[in-house]
Amino acid sequence: LADRLQSTMKKITGKGKVSEQDVKEMTREVRLALLEADVNFKVVKDLIKRIKERAVGQEVMESLTPGQQVIKVVKEELTNLMGGEQSKIAVSDRPPTVIMMVGLQGAGKTTTTGKLANHLRKKHNRSPLLVACDVYRPAAINQLETLGQQLSMPVFSMGTEANPVDIATKAIEKAKEEYNDYVIIDTAGRLHVDTDLMDELQQIKENVKPDEIFLVVDAMTGQDAVNVAESFNEQLDITGVVLTKLDGDTRGGAALSIKAVTDKSIKFAGMGEKLDQLEPFHPERMASRILGMGDVLSLIEKAQANVDEKQAKDLEEKMRTMSFTFDDFLEQMGQVRNMGPLDELINMIPGVNKMKGLKNAQIDEKQLSQVEAIIQSMTKKERQEPGIINASRKKRIAKGSGTTVSQVNRLLKQFNEMKKMMKQMTNMQKGKKGKGFNL
Ligand code: GDP
Ligand code: MG
């Protein structure tokens, strides 16, 4: 999905004016991209209709940069499609709060039971009791018990002979005795939706009256996941969805269709097999991820607000003639910092989400301040001609900036590398027309 949408978006971003024809072309591309991504047909149809209405309407024509505005419309509509605002998890006023996990075999129920318990304890300071109600496979009980050990959390089970309704009922009594404020019930799954399974789940539901029924679905199964969600919702009236294996899902079809089809929100996303890889689901972030463009719009806005056109031109000239100095460097840093917290900015850069290393990279404000201090401790001449900075000058600069000689060395080295890179970049761009910098 991302690839196709991205190229369409690229085409339209630069446009100063968007004609009705442009919108038509773009929506056609978006429609194909969504269908390719396995998004439910009816969902796509409605979505495209809304985008068209908004895109050809006043909203776009009156804005200064219609191309960006269209993308914004698409992103907002994708966000709305997935439920808009992030939803909450129930808290019963008569503890324990009971959460029932349901879903097909292999969807990730047991794993998510552990993850959710971990989340509730870590983020909300709760003490959950895990309940093993999948009595059909001994391995399923073991699996949950192992998770309980890893988390040092209690697991309630009565073996494979007991009835799941009894287990769940007794577990809740036990939780009251032990002051567990959440009870998470891991139920059995089947390979397909069938009446036996649904009957059993319905019985558990009637007896324990859960505050939440979370349906766990595998994002990688795409449209099947949506169909599964539809039938579970019809029969059990689920309260929310956990979308697992989103780490392996490249199309986003399930994420985009589930809310529209079931009218139930996706509450959590499973991002890996580990117990801490469960995240509250954010529709807006997912929309960005699907568009594969980070939060391009706000990045563009921020950059435009802060980089003075003339300054940018001067800088380009300096890069070209290689007369870029530490003074310019300092000025650049100032501009970048005016844009806001750096890690926030970094996350808005397209593609960063895909690059694991970068995403986790910590941008250290302190380090930046040190760099500033070092440059400020240089004399005017040193800033213009860093070549003259010898050992004794380095010592003086380090002392003046409260850093060390090796930190000064590192900055000098980075500066040289940066200049080299600029040279390569400007060489590459020679012959190409157009100005401004690529974000
Ligand atoms: P259940 O049959 O519904 O209880 O499913 P399990 O919890 O046993 O999970 C089935 C498999 O999916 C296991 O190998 C899990 O490690 C894996 N799994 C669960 N959630 C995720 C996830 O978010 N990402 C990835 N990559 N694997 C997951
Ligand atoms: Mg299981």
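The values are calculated or read from the model by the stated rules, or taken from the named source; none is laboratory data. Because the structure is a prediction, the values reported are computed rather than measured. Neighbour counts are summed over all protein chains in view; Cβ atoms, including those assigned to glycine, are modelled from backbone coordinates with ideal geometry. Note: areas computed on protein heavy atoms with side chains; ligands, DNA, RNA excluded. Shrake-Rupley method; radii C 1.70, N 1.55, O 1.52, S 1.80 Å.
Over region 95-223, average the accessible area per residue using a 1.4 Å probe and give it in Å², no decimals.
Working: 5580 Å² over 129 residues.
Dividing the accessible area of region 95-223 by its residue count gives 43 Å².
Along each principal axis of its Cα atoms, how long is region 180-233 end to end? Whole angstroms, biggest number first, please.
Sorted from largest, the Cα extents of region 180-233 read 36, 24, 16 Å.
Once you place label points 7 Å from the Cα toward the Cβ at Leu330 and Lys209, how far apart are they in nm?
So the two model labels end up 7.1 nm from each other.
If you stretched the chain out fully between His192 and Ser406, how much longer would it get, using 0.36 nm times the residue separation minus the C-alpha to C-alpha distance?
Values: separation 214, 0.36 × 214 = 77.04 nm, distance 6.33 nm.
Additional length available on full extension: 70.7 nm.
How many angstrom lie between the Cα centre of region 77-104 and the Cα centre of region 384-415?
55 Å
Per the Debye formula with a single identical scatterer at each Cα and no solvent contribution, what log10 I(q)/I(0) holds for region 111-185 at q = 0.12, 0.17, 0.18 Å⁻¹?
For region 111-185, the Cα-only Debye profile gives -0.28, -0.57, -0.64.
Let me make sure I get this right: for region 127-171, a, b and c are the square roots of the gyration tensor eigenvalues over alpha carbons, sorted descending. Under 1.5 in a/c it's rounded, otherwise prolate if a/b > b/c, else oblate. Which is it? Please list the in-between numbers first.
On the way: a/c = 3.11, a/b = 1.32, b/c = 2.35.
It is oblate, given that a/c is not under 1.5 and a/b is not larger than b/c.
Work out Dmax and Rg for region 66-207 from the C-alpha atoms and quote the Rg first, both in angstrom.
18.1, 65
Quick one: Cα centre-to-centre distance for region 208-255 and region 139-193, in angstrom?
21 Å
Cα-based Rg of region 83-133 per 2.2 N^0.38 Å, rounded to two decimals?
Working: Rg = 12.2 Å, N = 51, 2.2 N^0.38 = 9.8 Å.
Normalised Cα radius of gyration, region 83-133: 1.25.
Please identify the GluC sites (Glu not before Pro) of region 121-207 that satisfy two criteria: DSSP loop assignment and at most 12 other Cβ atoms within 10 Å. Which are they? Show your work: numbers first, answer last.
Details: sites: Glu145, Glu161, Glu173, Glu177, Glu178, Glu200, Glu206; in loops: Glu161.
When the GluC sites (Glu not before Pro) of region 121-207 are filtered for loop state and at most 12 Cβ neighbours within 10 Å, Glu161 remain.
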